[in-house]
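The values are calculated or read from the model by the stated rules, or taken from the named source; none is laboratory data. What you see is a predicted model, and the numbers here were worked out from it, not measured in a lab. We place every Cβ from the backbone using ideal geometry, glycine too, and count neighbours over all the protein chains shown. For accessibility, only protein heavy atoms count, side chains too; no ligands or nucleic acids. Shrake-Rupley method; radii C 1.70, N 1.55, O 1.52, S 1.80 Å.
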Amino acid sequence: MQGKKVSQTSVIMVQPMTPQDANHSGNVHGGVIMKLIDMAGAIVAQRHTRTNIVTASVDRIDFLHPVYIGDVLSLKASLNLVGRTSMEVGVRVESENPLTGEIRHTASAFLTYVALDKSGKPMEVPPLILKTDEEKRRNEDAHARREARLRGRKKG
Ligand SMILES: CC(C)(COP(=O)(O)OP(=O)(O)OC[C@H]1O[C@@H](n2cnc3c(N)ncnc32)[C@H](O)[C@@H]1OP(=O)(O)O)[C@@H](O)C(=O)NCCC(=O)NCCS
């Protein structure tokens, strides 16, 4: 199977936050941001496989700052690691105040997606080609996370 480079599948998704994204305090609902994180990650995984994929797990997400209605969210997502049938995608979320230009790191998350064949069974994914030092560092870090994740995994 032919490999793919990280740069071939990376995504930057930009989304303005509107009143329908608000929680009861008038700031952006954390769940809205979580959904966008999963959407950005899924685009990356599906670009890598060009098959159906499912979200298998989402690692811990910390919200570092509130996001306000009117802010512009940027989600930068890229593939860190592939296993046999699974992929870890890292997503970094930044919020921009459109009036001042101030950009804040809002959250980061690591998600695992699994590629599925036509009968819904996990299928092998293409190899990942690492080019830059940063991609190689992220891949090493992702290996450690994968080990920890699999140790803690409970089969239902
Ligand atoms: C994810 C899913 C396909 C895994 O199925 P499974 O029968 O456990 O498959 P396997 O044990 O063969 O594991 C397949 C791969 O998934 C990985 N995986 C499975 N569960 C995982 C988890 N909770 N976290 C991280 N990776 C996981 C395995 O490590 C394996 O990766 P590898 O092939 O790269 O080594 C299955 O649990 C599923 O369909 N879950 C529902 C997903 C879904 O509907 N998501 C949307 C949320 S509503």
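Residues that are away from the ligand (no atom under 15 Å from the Cβ): list the strands (runs of 3 or more DSSP E) wholly contained in region 29-98 that include at least 2 such residues.
Passing ranges, in order: 72-82, 86-96.
Does region 12-62 hold any residues that are within 19 Å of residue 104 (Cα to Cα), open to solvent by less than 90 Å² (accessible area, probe 1.4 Å) and of a type in the set (A, V, I, L, M, F, W, C), and which are they?
13, 14, 17, 22, 28, 32, 33, 36, 37, 40, 61 - these are the residues of region 12-62 that are within 19 Å of residue 104 (Cα to Cα), open to solvent by less than 90 Å² (accessible area, probe 1.4 Å) and of a type in the set (A, V, I, L, M, F, W, C).
Which of the following residues is in contact with a strand residue (DSSP E or B) (Cβ under 8 Å, 6 or more places away or on another chain) and in contact (Cβ under 8 Å) with a residue 60 or more places away in the chain: 90, 70, 83, 3?
Only one candidate passes the filter, namely 3.
Name the one entry in 93, 67, 114 that is over 26 Å from residue 7 (Cβ atoms), among the β-branched types (Val, Ile, Thr) and open to solvent by less than 40 Å² (accessible area, probe 1.4 Å).
Unique residue meeting the criteria: 67.
Pairs under 6 Å by beta carbon, first residue under 30 Å from residue 128 (Cα atoms) in region 9-33, partner part of a strand (DSSP E or B) and at pLDDT 95 or above, six or more apart or different chains?
What qualifies is 9/79; 10/78; 11/77; 12/76; 13/75; 14/74; 15/73.
Mind checking which pairs have a first residue in region 122-151 that is over 13 Å from residue 112 (Cα atoms) and a second that is in a helix (DSSP H, G or I) and open to solvent by 90 Å² or more (accessible area, probe 1.4 Å), Cβ under 6 Å, 6 or more apart or different chains?
Within 6 Å, the pairs are 130/136.
When you scan region 99-117, how many residues do you find that are within 16 Å of the ligand (Cβ to nearest atom) and either free of Cβ contacts under 8 Å to residues at least 60 places away in the same chain or not charged (D, E, K, R) (or both)?
Selection size over region 99-117: 8.
Out of region 118-156, which residues are away from the ligand (no atom under 12 Å from the Cβ), surrounded by fewer than 16 Cβ atoms within 10 Å (Cβ to Cβ) and basic (Lys, Arg)?
118, 131, 136, 137
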